[in-house]
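Enquirer: My structure is below; once you've seen it, I'll send some questions.
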Amino acid sequence: MRLVSLELRDWRNIEGLRLDTDARFVVLHGDNAQGKTNLLEAAWMLGTLRSFREHRPARLIRHGAEEASIKGAVDGISGRRQLEWVRGARTRKLALDDHTPQTLGDWFSVLRAILFCPEDAGLIRGEPANRRRFVDRAAFTARPAHLDVVRDYQRTLSQKSALLRSGGGRGQLGVWNDQLAVLGARLACNRQRVLDELTTPIQEVHARIAGAGAAHIEMQMRGLGHQARDENTVCERIRSAMHDATSDELRRGMVLVGPHRDDLHIRLGGRDARNYASQGQARSLVLSFKLAELVAARARGEAPLFLLDDLTSELDQGRMRRLVAVLSALDSQVWLTTTDPAWLGPLPVDSTRQMRIVDGKVARVEGG
């Protein structure tokens, strides 16, 4: 997958802009608050249909405009495809080759993306919900149908939660418990499946990024789906635990059992990374996780877009140069934002396009 052009209209601080991005490395550089990340976010929106910074769609639209649009041309195994995303106060539109896609799977088969941004470094020490979303995003990138499982589980969880808050009786919980057990087992096994795929790549990538003496990484989901790969087994675990927790759930008015309470436990060199990883180690760990997703995708014959935001502030120069060496060896398109392109070190001259961004406009293009 390669995003070879990007056209924006009334997106964030950008009134109108068309970029030729047909290069292995697309480097967006310039001072802070000029719109570099807005461009990266637009590419992410095409690949995932969501923003990584904003949950309120109205804020994605340039002030004074009625709607925002993003168009992208993608080269992939099925040839060149055209994607269009439009959002306004009363407008929502997706077009794939000028037609409404029949399913979201059709859309995601054209373009998917993996993102590393400054906020990700906090995942190691943050709340369990952040790490669950982290794993779910990796599972979605690997198999977009996982999104349907997450949505179905959350919808059923909300319905059971509403029943408990309303004081519903024990007899009314059976239907919701059965549905949650089945969906929860599927969710837990999908998470375990993607972690299994990432176990070897993350060790290899982390050794290259962190440098000499890189510590061994262990990743494990903690919860009812603990290391289980069989949905029937996990389903019975969840159903049994729900039965045992019924009285407590009725008394407290909340759902106490299910993979919505699981956590990703990470150990670095045999120690709990949440408590002992340094800031630099945490950044390397999260970045290695993201790169492992890319390596696993390549093993499946896929090449998602790889997006990295504000690397100048996130990595020291040694890690940065080792990262560039890893990226150069992988056959995926990479987009980077930075205030100082020199910090990135040497990039392949014949496959790099650098663009200086000033006030939402491209001031200069180099390479490509």
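Enquirer: Just to verify a result, which residue in segment 191-228, among those that are over 23 Å from the mean Cα position of the chain (by Cα) and of a type outside the set (A, V, I, L, M, F, W, C), is least open to solvent (accessible area, probe 1.4 Å)?
Expert: Gly211
Enquirer: Now a separate question. So, in segment 140-153, exactly how many residues are assigned to a helix (DSSP H, G or I), touching a helix residue (DSSP H, G or I) at 6+ places or on another chain (Cβ under 8 Å) and either touching a residue at least 60 places away in the same chain (Cβ under 8 Å) or not acidic (Asp, Glu) (or both)?
Expert: Selection size over segment 140-153: 8.
Enquirer: Now a separate question. Output the residue which, of all residues in segment 347-364 that are under 24 Å from Trp11 (Cβ atoms), open to solvent by less than 50 Å² (accessible area, probe 1.4 Å) and of a type in the set (Val, Ile, Thr), is nearest to the chain's Cα centre (by Cα).
Expert: Ile357
Enquirer: Quick one: in segment 234-255, of everything that is without any contact (Cβ under 8 Å) to a residue 12 or more places away in the chain and open to solvent by less than 80 Å² (accessible area, probe 1.4 Å), which residue is nearest to Leu195 (Cα to Cα)?
Expert: Ser240
Enquirer: For Val286, all conditions in the list (1) at pLDDT 85 or above; (2) among the β-branched types (Val, Ile, Thr); (3) surrounded by fewer than 18 Cβ atoms within 10 Å (Cβ to Cβ) hold save one; what is the number of the exception?
Expert: Against the list (1) at pLDDT 85 or above; (2) among the β-branched types (Val, Ile, Thr); (3) surrounded by fewer than 18 Cβ atoms within 10 Å (Cβ to Cβ), Val286 comes up short only on (3).
Enquirer: Next up: Taking Thr339, is it modelled with pLDDT of 85 or more, open to solvent by less than 70 Å² (accessible area, probe 1.4 Å), under 14 Å from Gly30 (Cα atoms) and polar (S, T, N, Q)?
Expert: So Thr339 fits the description; yes.
Enquirer: Which one of the conditions (1) touching a residue at least 40 places away in the same chain (Cβ under 8 Å); (2) open to solvent by 50 Å² or more (accessible area, probe 1.4 Å); (3) over 27 Å from Arg364 (Cα atoms) does Trp107 fail to meet, given that it meets all the rest?
Expert: Here Trp107 clears every test but (2).
Enquirer: Next question, about the same structure. Can you run down the residue pairs with Cβ atoms below 8 Å, 6 or more apart or on separate chains, where the first is in segment 265-285 and free of Cβ contacts under 8 Å to residues at least 60 places away in the same chain and at positive phi and the partner is open to solvent by 80 Å² or more (accessible area, probe 1.4 Å) and in a loop (DSSP other than H, G, I, E, B)?
Expert: Hits for this filter: Gly269/His216; Gly270/His216.
Enquirer: May I ask you to say which residue of Asp263, Asp272 is open to solvent by 20 Å² or more (accessible area, probe 1.4 Å), of a type outside the set (A, V, I, L, M, F, W, C) and touching a helix residue (DSSP H, G or I) at 6+ places or on another chain (Cβ under 6 Å)?
Expert: Going through Asp263, Asp272 in turn, the sole match is Asp263.
Enquirer: Looking only at segment 170-193, decide whether some residue is of a type in the set (A, V, I, L, M, F, W, C), in contact with a Pro (Cβ under 9 Å, 6 or more places away or on another chain) and outside any helix (DSSP H, G or I).
Expert: Scanning segment 170-193 turns up no residue that is of a type in the set (A, V, I, L, M, F, W, C), in contact with a Pro (Cβ under 9 Å, 6 or more places away or on another chain) and outside any helix (DSSP H, G or I).
Enquirer: Only one residue in Leu308, Leu336, Leu291 is more than 20 Å from Val74 (Cα to Cα), within 24 Å of the chain's Cα centre (by Cα) and aliphatic (A, V, I, L, M), so which one is that?
Expert: Result: Leu291 is the single residue among Leu308, Leu336, Leu291 that is more than 20 Å from Val74 (Cα to Cα), within 24 Å of the chain's Cα centre (by Cα) and aliphatic (A, V, I, L, M).
Enquirer: Determine which single condition Arg356 fails, assuming it passes every other condition in (1) in a helix (DSSP H, G or I); (2) modelled with pLDDT of 90 or more.
Expert: Result: Arg356 passes all but (1).
Enquirer: Which of the residues spanning segment 313-336 are open to solvent by 40 Å² or more (accessible area, probe 1.4 Å) and polar (S, T, N, Q)?
Expert: Ser313, Gln317, Ser328 - these are the residues of segment 313-336 that are open to solvent by 40 Å² or more (accessible area, probe 1.4 Å) and polar (S, T, N, Q).
Enquirer: Just to be sure, is Leu308 more than 30 Å from Ser158 (Cβ to Cβ), out of contact with any Pro (no Cβ under 8 Å at 6 or more places or on another chain) and either among the hydroxyl-bearing types (Ser, Thr, Tyr) or open to solvent by 10 Å² or more (accessible area, probe 1.4 Å) (or both)?
Expert: For Leu308, the condition - more than 30 Å from Ser158 (Cβ to Cβ), out of contact with any Pro (no Cβ under 8 Å at 6 or more places or on another chain) and either among the hydroxyl-bearing types (Ser, Thr, Tyr) or open to solvent by 10 Å² or more (accessible area, probe 1.4 Å) (or both) - is not met.
Enquirer: Out of curiosity, is Arg137 open to solvent by less than 60 Å² (accessible area, probe 1.4 Å), in a helix (DSSP H, G or I), among the basic types (Lys, Arg) and closer than 27 Å to Met219 by Cβ?
Expert: yes
The values are calculated or read from the model by the stated rules, or taken from the named source; none is laboratory data. Everything numeric here is computed off the predicted structure, so don't read it as measured data. When we count neighbours, we look across all protein chains shown, and the Cβ atoms used for this are built from the backbone with ideal geometry, even at glycine. Protein only, heavy atoms only, side chains kept; ligands, DNA and RNA dropped before computing areas. Shrake-Rupley method; radii C 1.70, N 1.55, O 1.52, S 1.80 Å.
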